[in-house]
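Accompanying notes for the structure given below.
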Amino acid sequence: MPENKVKKYFSLIEVWAWCDICEDMVSLRVDKNEITDGLKMGIYTKEYMHSNPSPDLEDTDDQSGQEHSIFVYIDDVFNVTGVKSFFGESPTTEEIGAKVIQEGGEVRIPVVVKDISPMAVQLGMLNKEQFIVLKICDGMNTIEQVAEIAQISVEKIEKMMEQLRKKGLVQVIKRT
Ligand SMILES: [Zn+2]
């Protein structure tokens, strides 16, 4: 899988992200102000609907010619920290961590159970890091993916999940 790439310009960035469905790089441009504004709410994700202009017509498993979404997580220094591709509104529970389960592993998916406003940080109920991590716990990411997107170690995320679970803010769903 080729690495995601970003070119940073004065007011926008150009991203090349790997789409698992197209099995190709997808390029998109994102306004820097849009990212900065989005990050005020915790995380920024660029959602981009597209279809593969040249799908493999001989491969019946290749559905990339149908419209699908790519989600690109971008951080405050305009780097890509996560990418996911899926059909429909969001990835299905079966799709999240499917590879890990195939290999016999266990998938842990943290899900926020309460809506949290940025006020919680101002009021000192949460620190900034916890707030950002909670935003990534949208039910579409495994613990490992949350760690990658937030650029925090898995061990630290696990500890944080335990604290947040005790506060009644997050639930961790396990699938094998
Ligand atoms: Zn695609």
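The values are calculated or read from the model by the stated rules, or taken from the named source; none is laboratory data. What you see is a predicted model, and the numbers here were worked out from it, not measured in a lab. Here Cβ is always computed from backbone atoms with ideal geometry, including for glycine, and neighbour counts include all displayed protein chains.
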Among THR36, THR45, which is under 12 Å from ASP76 (Cα atoms), of a type outside the set (Gly, Ala, Ser) and assigned to a strand (DSSP E or B)? THR45
Scan (1) under 30 Å from MET119 (Cα atoms); (2) surrounded by fewer than 19 Cβ atoms within 10 Å (Cβ to Cβ); (3) within 12 Å of the ligand (Cβ to nearest atom) for the single condition LEU39 breaks and write down its number. (3)
Residue by residue through the stretch 45-99, note down the ones that are in contact with a helix residue (DSSP H, G or I) (Cβ under 7 Å, 6 or more places away or on another chain) and among the aliphatic types (A, V, I, L, M). ILE74
Candidate set from the stretch 95-123 (those that are charged (D, E, K, R) and either within 26 Å of PRO2 (Cβ to Cβ) or assigned by TED's automatic domain parsing to the domain that holds LEU39 (or both)); member that is surrounded by the fewest Cβ atoms within 10 Å (Cβ to Cβ): GLU103
Considering only the stretch 46-78, how many residues are at pLDDT 95 or above, polar (S, T, N, Q) and either in contact with a Leu (Cβ under 6 Å, 6 or more places away or on another chain) or more than 16 Å from the ligand (Cβ to nearest atom) (or both)? 0
Provide a single number: the residues in the stretch 151-174 that are surrounded by 13 or more Cβ atoms within 10 Å (Cβ to Cβ), of a type outside the set (A, V, I, L, M) and not in a helix (DSSP H, G or I). 1
Identify, please: which residue in the stretch 46-60 is of a type outside the set (Val, Ile, Thr) and exposed (fewer than 12 other Cβ atoms within 10 Å of the Cβ) and is, among those, nearest to the chain's Cα centre (by Cα)? GLU47
Residues (surrounded by fewer than 19 Cβ atoms within 10 Å (Cβ to Cβ) and either part of a helix (DSSP H, G or I) or away from the ligand (no atom under 12 Å from the Cβ) (or both)) located in the stretch 17-33: ARG29, ASP31, LYS32, ASN33
Which one of these is within 15 Å of the chain's Cα centre (by Cα) and either more than 27 Å from MET25 (Cβ to Cβ) or away from the ligand (no atom under 16 Å from the Cβ) (or both): ILE152, ILE173? ILE152
